[in-house]
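Worksheet for the structure shown next.
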Amino acid sequence: MQAQKLKTWTNTLHAAMNPDMVRVMIGKALRRLRRGKGQLTPQENKLWLKSQAQDLGDLLKKFDSDLQEETRAFAARFKKHANEILSAIPYDLGGGGGVPLLYILVRKFLPAVVVETGVAAGFSSGTILTALDKNGAGHLFSSDFPYFRLPNPERFVGVVVEPGLKSRWSLHLKGDEVNLPQIMANLPAKINLFHYDSDKSYDGRDFAMKAVRPHLAENAIVIMDDIQDNSYFHDYVTANPDVTWSVYYYEGKYIGLIGRVL
Ligand SMILES: C[S@@+](CC[C@H](N)C(=O)[O-])C[C@H]1O[C@@H](n2cnc3c(N)ncnc32)[C@H](O)[C@@H]1O
């Protein structure tokens, strides 16, 4: 246990020697100190989410039945493939964002430009890239900040993404604070789909939405994972009454969605 703790500290210190990484690490630590931020307390936020949420499965059932079947088959195949890869890695890289929701939306709306934050093992990236590949068009821009507690964490980012899908992928690893301005400055067109699944703090979400919002296409869809963590999603949709939004319950968590999907 002591040896493991020492290793974690050594890896963290190693990451802190890199000036790009240290900037993001300090930002993350400061945001952690301001955890209480938001119009609702965590309990109020959970009650609000519970009162608004629909089951994700019920939403999926409203899509075309062939697309539902294709989505189910992909999710099962991808889970098996990812488990095989992850079982050979001695670290917990965490689970994935809403795989069926991402797959069905990318297949239905054929987005040309997709941006996501939070890659980790790559469940969301692999899902989006598979659906783009099936569409035969589109590009994914991803922002991540590798888990600095692990040794050489870059090698695990996106491990479950199949190599043959990477030609449609631009992966940035310097943290949202550095990556998002860079990605926004080099977009080939407006963003059709934005998936947020990185820094779950209030300020992290706020930073990303402010960076991305001017670049969203008119009918863009925004998906925000784990919105039970603080009331950012609630505060955002309350402050912007013109947006269409919905909340979904999926595998013990809440996903916020902005935009029309049906
Ligand atoms: C929940 S995981 C993402 C899961 C992924 N979407 C999937 O479906 O497999 C969160 C990821 O965000 C990264 N992250 C945390 N803070 C970040 C930041 N400030 N900028 C970019 N990525 C960050 C973490 O290191 C981790 O890789």
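Only the coordinates and a few stated rules stand behind these numbers; no lab work does. Bear in mind that the values here come from a model prediction, so they are computed numbers and not experimental data. We place every Cβ from the backbone using ideal geometry, glycine too, and count neighbours over all the protein chains shown.
For region 18-156, build the charge dipole from Cβ charges (+1 Lys, Arg; -1 Asp, Glu) around the Cα centre, then report which of Leu102, Ile89, Pro153 sits farthest towards its positive end.
Comparing the listed Cα positions along the dipole, Pro153 ranks first.
Apply the a/c threshold of 1.5 to the C-alpha gyration tensor of region 27-113 and tell me whether it is rounded, prolate or oblate.
Values: a/c = 2.25, a/b = 1.31, b/c = 1.72.
Here region 27-113 falls in the oblate category.
Which whole-angstrom value gives the distance between the alpha carbon centres of region 124-176 and region 186-262?
19
Can you say what percent of the DSSP beta bridges in the chain, counting only those with both residues inside, are antiparallel? Round to 5. Could you put the intermediate results ahead of the total?
Details: 9 of 29 bridges.
Percent antiparallel among DSSP bridges in the chain is about 30.
Could you work out how much longer the chain between Ser167 and Tyr91 gets when fully extended? Use 0.36 nm per residue separation minus the Cα distance between them, nm to one decimal.
Values: separation 76, 0.36 × 76 = 27.36 nm, distance 2.73 nm.
Length gained between Ser167 and Tyr91: 24.6 nm.
For region 2-258, what does the convex hull of the Cα positions come to per residue, in cubic angstrom? Provide the component values of the computation, followed by the final result.
Values: hull volume 34.7 nm³, N = 257.
So the per-residue Cα hull volume is 135 Å³.
Can you give the helix-only mean residue ellipticity at 222 nm for the chain, where every DSSP H stretch with n ≥ 4 adds -39500 (n - 2.57) and the sum goes over all residues, rounded to the nearest 500 deg cm²/dmol? Display every interim value, and only then the final one.
Working: 10 runs with 121 residues, N = 262.
So the calculated ellipticity at 222 nm is -14500 deg cm²/dmol.
Find the relative contact order for the chain and round it to a whole percent, using C-alpha pairs within less than 8 Å whose residues are 6+ positions apart.
Numbers: 402 pairs, mean separation 59.9, N = 262.
Relative contact order, the chain: 23 percent.
Would you mind working out the magnitude of the charge dipole of the chain relative to its Cα centre, with +1 at each Lys and Arg C-beta and -1 at each Asp and Glu C-beta, to the nearest 20 Debye? List each step's numbers first, then the result.
Working: 32 positive and 28 negative charges, 99 e Å.
For this selection, approximately 480 debye.
List the relative contact order of region 71-134 as a percent without decimals, with contacts defined as Cα pairs under 8 Å and 6+ residues apart.
Numbers: 41 pairs, mean separation 26.1, N = 64.
Here the relative contact order equals 41 percent.
Would you mind ranking Glu84, Glu70 by Cβ crowding within 10 Å, fewest neighbours first?
On the way: Glu84 10, Glu70 17.
Listing Glu84, Glu70 from fewest to most nearby Cβ atoms yields Glu84, Glu70.
For the chain, with the dipole built from +1 on Lys and Arg beta-carbon atoms and -1 on Asp and Glu ones, taken about the Cα centre, which of Ala29, Asn186, Phe233 lies farthest toward the positive end?
Ala29
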